[in-house]
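Undergrad: So that we are looking at the same thing, I have put the structure below in structure tokens.
The values are calculated or read from the model by the stated rules, or taken from the named source; none is laboratory data. Please read these numbers as outputs of a predicted model, since none were measured by experiment. Glycine also receives a Cβ, built like all others from the backbone with ideal geometry; neighbour counts cover every protein chain displayed. Quick note on the areas: whole protein, heavy atoms, side chains included, nothing else; ligands and nucleic acids left out. Shrake-Rupley method; radii C 1.70, N 1.55, O 1.52, S 1.80 Å.
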Amino acid sequence: MAVLDLPAPTGARRPPALVVETVVAVGTVFGALGAVVVAAMRARELVRSSAGWMVAVPVWPTGAMPTSAWDTPARQGFPSPVQPVGPHAVDLWLDRPDGLTAALAGVGVWVSWLVVAALLLTALPVARAVLRGHGLSFTTARQAAVSAGVVLVAWAVHAAAPLLAAHRALDAGYSGLPAEWFTPQARPVWWPLLVVALLLVLAGTLAAATRAVARAAER
């Protein structure tokens, strides 16, 4: 029995570039969804950690705190509530905080995964444009600017959330120590702002290059 080698119908096979684009898109979306799931799980762990000494807030001792407070014994195998973590930084460990306070105090554990998800989704149009050979476009420049905005918002949340958690913890007395002994301390991390600046420079460079190419094509 002979087998006829008939040509494949037109459109039966997808171009390799389209296959690669589809794989990249599907992988990016699933990666973003996975990051969201991990963020939710880590936040849930923090919220459910209110049964013990699992989270700390950034504080600084005031003049009202006696020196004997540094010698507060460890409780149930967990650290002393007052823990110096640097020459100008003190962590105050919390006993059974409410879920919101715990989630705010441990914001760095879960917000980074949300940033990964957001960056993956904002990078998807850029990746598709590059695969299509349209890397230089105002759309690509806008997406780079959006990515910078995502990092900036995440940085602001990361800086503000522990400070808010410290206020809540001191008001509620979750450390078991007098609130007037401490004041909330802001500890922003500055290197993400460098990432924001680099992304904005990239966005401006892409926009300028796109305009230059458009002007050259009009001549």
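Undergrad: How many of the residues in the range 164-194 are under 21 Å from Ser112 (Cα atoms) and open to solvent by 50 Å² or more (accessible area, probe 1.4 Å)?
TA: 8
Undergrad: Looking only at the range 95-133, how many residues end up being in a helix (DSSP H, G or I) and over 25 Å from Arg187 (Cα atoms)?
TA: Residues meeting the conditions: 12.
Undergrad: A follow-up question, please. Can you find, within the range 78-109, the residue that is surrounded by the most Cβ atoms within 10 Å (Cβ to Cβ) among those that are charged (D, E, K, R) and within 23 Å of the chain's Cα centre (by Cα)?
TA: Asp91
Undergrad: While we're here: Does Val153 fit the bill of being within 15 Å of the chain's Cα centre (by Cα), open to solvent by 30 Å² or more (accessible area, probe 1.4 Å), more than 30 Å from Trp70 (Cβ to Cβ) and without any contact (Cβ under 8 Å) to a residue 24 or more places away in the chain?
TA: So Val153 fits the description; yes.
Undergrad: Now a separate question. If you go through the range 181-200 one residue at a time, how many are touching a helix residue (DSSP H, G or I) at 6+ places or on another chain (Cβ under 9 Å) and in a helix (DSSP H, G or I)?
TA: 9
Undergrad: What do you reckon, is Gly34 farther than 30 Å from Ala179 by Cα, out of contact with any Leu (no Cβ under 8 Å at 6 or more places or on another chain), loosely packed, with under 15 Cβ neighbours inside 10 Å and at pLDDT 85 or above?
TA: Considered against the rule, which asks whether it is farther than 30 Å from Ala179 by Cα, out of contact with any Leu (no Cβ under 8 Å at 6 or more places or on another chain), loosely packed, with under 15 Cβ neighbours inside 10 Å and at pLDDT 85 or above, Gly34 comes out as yes.
Undergrad: Name the residue, out of Ala141, Ala118, that is modelled with pLDDT under 90, under 23 Å from Met41 (Cα atoms) and buried (at least 20 other Cβ atoms within 10 Å of the Cβ).
TA: Checking each option against the conditions leaves just Ala118.
Undergrad: Filter the range 38-76 down to residues that are over 17 Å from Leu104 (Cβ atoms), assigned to a loop (DSSP other than H, G, I, E, B) and open to solvent by 80 Å² or more (accessible area, probe 1.4 Å) and give me whichever is modelled with the highest pLDDT.
TA: Once the filter is applied, the top-ranked residue is Gly63.
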